[in-house]
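One structure is given below, encoded as structure tokens.
Just so it is clear, none of the values below were taken in a lab; they were calculated from the coordinates. Predicted model only: the values in this text are computed from it and were never measured. Quick reminder, even Gly has a Cβ in these numbers, built from the backbone with ideal geometry, and neighbours come from all protein chains shown.
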Amino acid sequence: MDPIIFAAVILSLAVATVIDLRSQRIPNILTVPTALVALAYHLLIQGPQGLWFSLAGLGVGFGLMLSPFLLRVMGGGDVKLMAAVGAWVGPQVVLVAFLLTSLAGGVYALAVLARRSDVLRGVFQPLRAALYATCATGEFHYQPAPATPGLPKLCYGLAIALGTVAAMTRAVLISGWLVG
């Protein structure tokens, strides 16, 4: 992986994470120029082939995050951030970044929920009751937890940053970029 790409993505993700944690949004003023600079960089360095590589990464990053956005699980800024990351790193690395982001997001969500014992209690009490009922009767009887108002909103930019940095680090280790 090109050190310029690595640095540009790290810088963009750091800014996006700070903004997301402070305002719970990732603005277009960050994501759109990040994607455009990535497209221009790849075009200038590798010509039309680089542009296609960058466009493919942008499309894969966007496409992977589109379903969660349409299901209202993810914000539009998160979608555009992953698309911008894809424009920099290409389709293969952004796919790995998405998978690692999903893992990081799950751990992050559990950590946030762990801080809210009322939410965890609302989830685990029906599960415990179902387990006891199943053991007693031999039949599974599960009542879903009632909707809990005021669930915390996750700043998914943090998960995107963690997953992307892990994916880029993996790419660097595989390519031997650090080996002189």
* **Added length on full extension, which subtracts the Cα-Cα distance from 0.36 nm per residue, Ala111 to Gln24** => 29.6 nm
* Structure fact -> Ordering 153-160, 127-134 by per-residue average of other C-beta atoms within 10 angstrom, highest first, gives 153-160, 127-134
* To do: Give me the number: length gained by fully extending Ala136 to Arg72, i.e. 0.36 nm times residue separation minus the C-alpha to C-alpha distance, one decimal in nm.
  => 19.1 nm
* Isotropic mean projected area of the C-alpha convex hull, the chain (nm²) -> 13.1 nm²
